[in-house]
Amino acid sequence: MKMAKINIKNLFLGLLFAGTASLVNAQTTKVDTATNTTTTNTTTTATVQAGSNSTIEGLKKQIEANPKDTDALAKLAGAYQDASDWTNAVDTWKKISVLLPDWAPSYYSQAYAYQSAKDDANAKLAYEKYIATVKPEEVEQNKKNLAYAYFYLAFAEQKSDPAKAKEHIAKSIEYDPTNQDALKLSKTLNS
C-alpha cells in the first residue's frame, strides 16, 4: 500500500505541473504592435477544451470499469480543475479521500476547488482537514501548502476570531517566512 501512495503522490505532483503547462498553452496571446491590439489564440483554447472533454470522458469510462482506481480519479479531478468544473473536481477529490483517507493532498485539492468555486466555508473546512492529515514525516515536503492553508485560515478568521487568526498566521510564517501576503496580514493582525 505504501508503494501505491508514493505513486499517487508523484502523480499528483505531475498533475500540478501538467495543469500549469496546459494553462500556459491555453492563455497564449498575441500583440499586434502596428495596431496595438491584443488577440487571444482561441484555437489553442478551443483545442485544450475539446481535449479536456475527451480526456474527462475517457477517464469516466476507465473509472466505471474500476471505481477504486485512484490514479484515474486523480487524473479526472485534475482534468475537471483544468476545465474549471469545480463541482465535479470537489466530488472527485472527495471520492479519493474516501479511498485514501490519510492522503493529505486530496484535502488540499478539495480546499483549492472549493476556494475557486467561492465556497469559503467548505474551503476552510478542507484546509483544516488537510492540516490535520499531514503526517509529521510529510511536513517538510508540504511546507508551502501548509503555509498557504494556515494563511487562508488566518485570513478567513481575522474578523471573527482575531486570536485564532494570529495563531494561524504565525504558523503560516513559520512554514514560509518569505510569503509577503502572510507578513502583511501578520502586521495587520498584530497592530
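The values are calculated or read from the model by the stated rules, or taken from the named source; none is laboratory data. What you are looking at is a predicted structure, and each value in this text was computed from that prediction instead of being measured. Cβ: placed from backbone, ideal geometry, glycine included. Neighbour counts: every protein chain shown. These area figures cover heavy atoms from the full protein model, side chains too; ligands, DNA and RNA do not enter into them. Shrake-Rupley method; radii C 1.70, N 1.55, O 1.52, S 1.80 Å.
Quick notes on this one:
- Of all residues making up the stretch 64-73, the number that are open to solvent by less than 70 Å² (accessible area, probe 1.4 Å) and part of a helix (DSSP H, G or I): 4
- Ser172 vs. criteria touching a helix residue (DSSP H, G or I) at 6+ places or on another chain (Cβ under 9 Å) and surrounded by fewer than 19 Cβ atoms within 10 Å (Cβ to Cβ): no
- Failed criterion for Tyr112 (all others in (1) in contact with a helix residue (DSSP H, G or I) (Cβ under 7 Å, 6 or more places away or on another chain); (2) of a type in the set (Ser, Thr, Tyr); (3) under 26 Å from Thr188 (Cα atoms) hold): (1)
- Scanning the stretch 104-124 for residues that are surrounded by fewer than 20 Cβ atoms within 10 Å (Cβ to Cβ) and closer than 14 Å to Leu146 by Cα returns a single hit, Lys124.
So that you can scan it fast, the table gives a plain yes or no per residue for (1) in contact (Cβ under 8 Å) with a residue 12 or more places away in the chain; (2) of a type in the set (A, V, I, L, M, F, W, C):
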{"site": "Ser97", "(1), (2)": "yes, no"}
{"site": "Ala132", "(1), (2)": "no, yes"}
{"site": "Lys164", "(1), (2)": "no, no"}
{"site": "Lys171", "(1), (2)": "yes, no"}
